[in-house]
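**Q** Sharing a structure, written as structure tokens. Questions coming.
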Amino acid sequence: MFEFLKKLVSNPKATKKKVKPAATPKKPKLKATKKKVKPAATPKKPKKEKKGFFSFTEKIKKGLTKTRENLSTQLTDLFKNKKIDEVFFEELETILLTADVGIKATEILIQQVKLKVKEENVQDESKLKAILKNCLAEILIPIESSLKINNNSPFVIMVVGVNGTGKTTTIGKLTKFFQNKGKTVLIAAGDTFRAAATEQLSIWGERNNVAVISHETADPSSVIFDAVNSAKAKNIDIVIADTAGRLPTQKHLIDEITKIKRVITKCHAKAPQEILLVLDANTGQNAITQLKTFNEALGITGLVMTKLDGTAKGGVLAAIAKESPTPVRFIGVGEGIDDLKEFKAKEYAEAMFE
Ligand SMILES: Nc1nc2c(ncn2[C@@H]2O[C@H](COP(=O)(O)OP(=O)(O)OP(=O)(O)O)[C@@H](O)[C@H]2O)c(=O)[nH]1
Ligand SMILES: [Mg+2]
């Protein structure tokens, strides 16, 4: 059964982009960019958000609507036709795999659900959903780990990932998240490959009223180096460094990012304190491959799973928990500035199987 299902696992091709050759680093000009050019991905204006506990939970539920509806419809169909027996569990297995829960996590979930169903003599859908929810939460709890900012300031967060996963957008959202916690933030425009990248970041900088350090050389290391020095001089708490998207197969670009990390450490011995890998939930099981490659090259300390609002494959975090467990810091549930939430295992499982 799994052999057949493995074929279902998608492996979308990420688009290759032209990479400018690295220019000889010139003496950098520091500036807080203030150009008002429309970037490729214009940050969306935030909608007014309700304050309080419910708005937070509701946001995650709303973000996971596609996954939940997909699972819900399939589970309801399953109950229409079947009693809970071996065939039922085989079909449940398929449903979980198509939601990208992954082979290992699906096996474990099925085992645990089978046990509970037997123990509690479950026959109805709502009880089965409650069991699935609890078992999924158990799988996710070990990767729930919020990002702690220590006092070794500046706390440098290096943001890495494949092209288009949502790195720059996440930086915009993160800046607001930290400012709400009373921290000062500086952004380093370390994606020097694409002209629009700096402008996109500048818009987020303006929106959050923080400086964006950029300069015209094509050397990302020197931009980030300058940003860290500038933050030291100005006593800024956090530096968030953007980097260009790169594929795990582009060895020279993976090598380049390890160089960026080394340069940051030269500037501040404890930095980067966080290396945040941004993964797109639509990538499915390919996210695991991305995680493994970036982890080998850099030592990934935290994850952000973006675009959960646009996919029915919200199970991918369970796959990560069992196949390459890494702390999940945040989830992206939309394009707006407030659409980034700290990852909470129970709420997440709840939102998937409500
Ligand atoms: N729906 C949705 N869209 C998102 C989310 N996060 C980012 N996006 C969108 O994804 C697209 C790419 O986002 P970017 O932030 O530019 O991605 P990137 O990783 O910086 O891209 P490169 O710099 O080209 O590698 C934009 O249109 C964003 O608005 C999310 O959580 N949900
Ligand atoms: Mg970007």
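The values are calculated or read from the model by the stated rules, or taken from the named source; none is laboratory data. As the structure is a prediction and not an experimental result, all values here were calculated from the model. Cβ atoms come from the backbone with ideal geometry, glycine included; neighbour counts cover every protein chain shown.
**Q** So which of V156, V160, V101 is in contact with a His (Cβ under 9 Å, 6 or more places away or on another chain), aliphatic (A, V, I, L, M) and within 30 Å of L298 (Cα to Cα)? Explain how you work it out, then say what you get.
**A** Working: V160 fails: in contact with a His (Cβ under 9 Å, 6 or more places away or on another chain); V101 fails: in contact with a His (Cβ under 9 Å, 6 or more places away or on another chain).
Answer to the selection: V156.
**Q** Quick check on my filter: what residues within segment 161-209 are over 19 Å from S230 (Cβ atoms), away from ligand 1 (no atom under 13 Å from the Cβ) and part of a helix (DSSP H, G or I)?
**A** K176, F177, N180, R207
**Q** Kindly evaluate T301 against the criterion of being without any contact (Cβ under 8 Å) to a residue 60 or more places away in the chain, under 18 Å from the mean Cα position of the chain (by Cα) and within 20 Å of F155 (Cα to Cα). Before you say what the answer is, go through the steps one by one.
**A** Numbers: without any contact (Cβ under 8 Å) to a residue 60 or more places away in the chain: yes; under 18 Å from the mean Cα position of the chain (by Cα): yes; within 20 Å of F155 (Cα to Cα): yes.
Judged against the criteria, T301 is a match.
**Q** What is the residue count in segment 182-225 for residues that are under 20 Å from the mean Cα position of the chain (by Cα) and more than 29 Å from K148 (Cβ to Cβ)?
**A** 0
**Q** Take the residues in segment 279-309 that are under 24 Å from I236 (Cα atoms) and of a type in the set (V, I, T); name whichever of them is farthest from ligand 1 (Cβ to nearest atom).
**A** We begin by selecting, within segment 279-309, every residue under 24 Å from I236 (Cα atoms); these are 300-304.
Retained after the next criterion (residues that are of a type in the set (V, I, T)): 300-301, 304.
On the way: I300: 15, T301: 18, V304: 9 Å.
Residue satisfying both the conditions and the ranking: T301.
**Q** Still on this structure, please answer the following. How about segment 328-354: which of its residues are acidic (D, E), within 13 Å of ligand 1 (Cβ to nearest atom) and more than 14 Å from the chain's Cα centre (by Cα)?
**A** Correct list: D338 only.
**Q** Assuming P325 fulfils every condition listed in (1) over 30 Å from N229 (Cβ atoms); (2) within 16 Å of ligand 1 (Cβ to nearest atom) apart from one, which condition is it?
**A** Unmet for P325, out of (1) over 30 Å from N229 (Cβ atoms); (2) within 16 Å of ligand 1 (Cβ to nearest atom): (2).
**Q** Let me ask something additional. Residues in segment 174-194: is at least one within 25 Å of A287 (Cα to Cα), among the aliphatic types (A, V, I, L, M) and surrounded by 24 or more Cβ atoms within 10 Å (Cβ to Cβ)?
**A** Yes, because at least one residue in segment 174-194 is within 25 Å of A287 (Cα to Cα), among the aliphatic types (A, V, I, L, M) and surrounded by 24 or more Cβ atoms within 10 Å (Cβ to Cβ).
**Q** Separate question: Being under 13 Å from T170 (Cβ atoms) and touching a helix residue (DSSP H, G or I) at 6+ places or on another chain (Cβ under 7 Å) narrows it down to one residue among G314, G336, G332, G302; which is it?
**A** On the way: G314 fails: under 13 Å from T170 (Cβ atoms); G336 fails: touching a helix residue (DSSP H, G or I) at 6+ places or on another chain (Cβ under 7 Å); G302 fails: touching a helix residue (DSSP H, G or I) at 6+ places or on another chain (Cβ under 7 Å).
One residue alone meets the criteria, G332.
**Q** Just checking, how many residues over segment 251-287 are surrounded by fewer than 19 Cβ atoms within 10 Å (Cβ to Cβ), touching a residue at least 60 places away in the same chain (Cβ under 8 Å) and not charged (D, E, K, R)?
**A** 1
**Q** Looking only at segment 171-181, decide whether some residue is more than 12 Å from ligand 2 (Cβ to nearest atom), within 21 Å of Q250 (Cβ to Cβ) and under 15 Å from the mean Cα position of the chain (by Cα).
**A** First, the residues of segment 171-181 that are more than 12 Å from ligand 2 (Cβ to nearest atom): 173-181.
Okay, now just the ones that are also within 21 Å of Q250 (Cβ to Cβ), so none.
No, segment 171-181 contains no residue that is more than 12 Å from ligand 2 (Cβ to nearest atom), within 21 Å of Q250 (Cβ to Cβ) and under 15 Å from the mean Cα position of the chain (by Cα).
**Q** Being small (G, A, S) and either surrounded by fewer than 16 Cβ atoms within 10 Å (Cβ to Cβ) or in contact with a strand residue (DSSP E or B) (Cβ under 6 Å, 6 or more places away or on another chain) (or both) is the requirement here; does G205 meet it? Even if it seems obvious, please write down each step before you answer.
**A** On the way: small (G, A, S): yes; either surrounded by fewer than 16 Cβ atoms within 10 Å (Cβ to Cβ) or in contact with a strand residue (DSSP E or B) (Cβ under 6 Å, 6 or more places away or on another chain) (or both): yes.
Yes: the conditions hold for G205.
**Q** How many residues does segment 213-259 hold that are closer than 23 Å to N152 by Cβ and either within 16 Å of ligand 1 (Cβ to nearest atom) or in a helix (DSSP H, G or I) (or both)?
**A** 22
**Q** So if I check each of T57, T98, which one is at pLDDT 90 or above and surrounded by 12 or more Cβ atoms within 10 Å (Cβ to Cβ)? Don't jump to the end; show me each part of the working.
**A** Details: T57 fails: at pLDDT 90 or above.
Result of the check over T57, T98: T98.
**Q** Moving on to the next point. Would a scan of segment 143-152 turn up a residue that is more than 18 Å from F330 (Cβ to Cβ), more than 16 Å from ligand 2 (Cβ to nearest atom) and modelled with pLDDT of 95 or more?
**A** Within segment 143-152 (the criterion being more than 18 Å from F330 (Cβ to Cβ), more than 16 Å from ligand 2 (Cβ to nearest atom) and modelled with pLDDT of 95 or more), the answer is no, since none of the residues qualifies.
**Q** May I pose another question? Scan segment 137-168 for residues that are among the hydroxyl-bearing types (S, T, Y) and in contact with a helix residue (DSSP H, G or I) (Cβ under 9 Å, 6 or more places away or on another chain) and jot them down. So that I can check it myself, show each step before the final result.
**A** Residues of segment 137-168 among the hydroxyl-bearing types (S, T, Y): 145-146, 153, 165, 168.
Result: S153, T165, T168.
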